[in-house]
Amino acid sequence: MSRRAVLVTGASRGIGRATAQAFATAGDLVAVNYRHSAGEAEEVVQSLPGSGHVSIQADLADPEAAKPLVDATVKALGGLDVLVNNAGISLLHDITDGDFEAWRKAWDRTLAVNLSGPAFVTYWAVQQMLGRGGRIINVSSRGAFRGEPDQPAYGASKAGLNAFGQSLARALGSHGIAVMTIAPGWVATDMSQEALKRPEGAEILSQSPFGRMARPEEVAAAAVFFASPEAEFTSGAVLDLNGASYLRT
């Protein structure tokens, strides 16, 4: 099988880094997108097996950044076969705090990065995939289903991402483009390790009967599977990857 061209957003660390490594290990060419961690992104590129991988800067909160990101990926990798919309942020903004401007800014920023950003990158990625086929894989969250009381924009953005992916699965299947979504719970990244240091850290681990968080590599493995030829008929699926910490009906 020829090397696929894969763009992973937010790939300088955590789930994105593990996903970039998984695709490169599978023999693919990878573009590592980052917002401001140029050093970390280049470190990821240098750690990937094989050659031809690149890092590309783009702030997905900027609607004008999406097309140049996709164009740069296509130029560097010779095309675009798989897009993994992983970049995301999580901002606390309790609706009872009484500061509307701060609440609104957190809302706007979160939706810009978590929902509008993936939508705009996907738009330009689809223009490259039409006539060739491809895969679009979104990284969502269990927060889309269970609610996020301290960060409602995060929950709303991830629920929107789920619906966006399913809408595109219906729209793009006839073009040979499959769209899938992964909805993790807690994942063992640098940010979550900080959460474990707080008083509620033990409760976080106890949410899953396995007594742990997901590993970034487990999310990455799901992305690689969704991108495989055998997974085409999972298009439209939203995969719960939360260790049975939250079960929806």
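Among the listed residues 116, 141, which satisfies the condition of being among the hydroxyl-bearing types (Ser, Thr, Tyr) and in contact with a helix residue (DSSP H, G or I) (Cβ under 6 Å, 6 or more places away or on another chain)?
141
This table checks each residue for (1) loosely packed, with under 14 Cβ neighbours inside 10 Å; (2) under 21 Å from the mean Cα position of the chain (by Cα).
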| residue | (1), (2) |
| --- | --- |
| 145 | no, yes |
| 159 | no, yes |
| 173 | no, yes |
| 177 | no, yes |
| 190 | yes, yes |
| 194 | yes, yes |
| 197 | yes, no |
| 205 | no, no |
| 209 | yes, no |
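The conditions are (1) free of Cβ contacts under 8 Å to residues at least 60 places away in the same chain; (2) assigned to a helix (DSSP H, G or I), and residue 149 fails exactly one of them. Which is it?
Single failed check for residue 149: (2).
Which of the numbered conditions does residue 50 fail, given that it passes all the others? Conditions: (1) touching a residue at least 24 places away in the same chain (Cβ under 8 Å); (2) over 19 Å from the mean Cα position of the chain (by Cα); (3) under 19 Å from residue 116 (Cβ atoms).
Answer for residue 50: the failing condition is (3).
If you check residue 73 against the conditions, is it β-branched (Val, Ile, Thr), in a helix (DSSP H, G or I) and under 24 Å from residue 240 (Cβ atoms)?
Answer is no for this residue.
Need the failing condition index for residue 37 against (1) surrounded by 18 or more Cβ atoms within 10 Å (Cβ to Cβ); (2) closer than 21 Å to residue 189 by Cβ, just the number.
All conditions are met except number (1).
Within the bounds of segment 138-151, is there any residue that is touching a Leu at 6+ places or on another chain (Cβ under 6 Å) and over 21 Å from residue 222 (Cα atoms)?
Yes, segment 138-151 has at least one match.
Could you run through segment 198-232 and say how many residues are under 23 Å from residue 164 (Cα atoms), part of a helix (DSSP H, G or I) and touching a residue at least 40 places away in the same chain (Cβ under 8 Å)?
Of the residues in segment 198-232, 9 are under 23 Å from residue 164 (Cα atoms), part of a helix (DSSP H, G or I) and touching a residue at least 40 places away in the same chain (Cβ under 8 Å).
Give the residue that is farthest from residue 168 (Cα to Cα), with candidates limited to residues of segment 85-141 that are assigned to a helix (DSSP H, G or I) and touching a residue at least 60 places away in the same chain (Cβ under 8 Å).
Step by step, filter segment 85-141, then rank; the result is 117.
Scan segment 155-197 residue by residue and report those that are within 16 Å of residue 83 (Cβ to Cβ) and part of a strand (DSSP E or B).
177, 178, 179, 180, 181, 182
From the list 155, 147, which one is small (Gly, Ala, Ser), farther than 22 Å from residue 74 by Cα and modelled with pLDDT under 95?
Answer to the check: 147.
Just checking, does segment 26-35 include any residue being closer than 24 Å to residue 160 by Cα and out of contact with any strand residue (DSSP E or B) (no Cβ under 9 Å at 6 or more places or on another chain)?
No: segment 26-35 contains no residue that is closer than 24 Å to residue 160 by Cα and out of contact with any strand residue (DSSP E or B) (no Cβ under 9 Å at 6 or more places or on another chain).
Criterion first (in contact (Cβ under 8 Å) with a residue 60 or more places away in the chain, of a type in the set (Lys, Arg) and touching a strand residue (DSSP E or B) at 6+ places or on another chain (Cβ under 9 Å)) does residue 17 satisfy it?
yes
Given the condition more than 17 Å from residue 139 (Cα to Cα) and either modelled with pLDDT under 95 or touching a Phe, Trp or Tyr at 6+ places or on another chain (Cβ under 8 Å) (or both), answer yes or no: does some residue in segment 4-23 qualify?
Yes, segment 4-23 contains at least one residue that is more than 17 Å from residue 139 (Cα to Cα) and either modelled with pLDDT under 95 or touching a Phe, Trp or Tyr at 6+ places or on another chain (Cβ under 8 Å) (or both).
Looking only at segment 234-244, decide whether some residue is modelled with pLDDT under 95, over 27 Å from residue 124 (Cβ atoms) and out of contact with any strand residue (DSSP E or B) (no Cβ under 8 Å at 6 or more places or on another chain).
Looking through segment 234-244, none of the residues is modelled with pLDDT under 95, over 27 Å from residue 124 (Cβ atoms) and out of contact with any strand residue (DSSP E or B) (no Cβ under 8 Å at 6 or more places or on another chain).
The values are calculated or read from the model by the stated rules, or taken from the named source; none is laboratory data. These numbers were taken from a predicted model, which means no experiment stands behind them. All Cβ positions, even for glycine, are placed from backbone atoms using ideal geometry, and neighbour counts span all protein chains on display.
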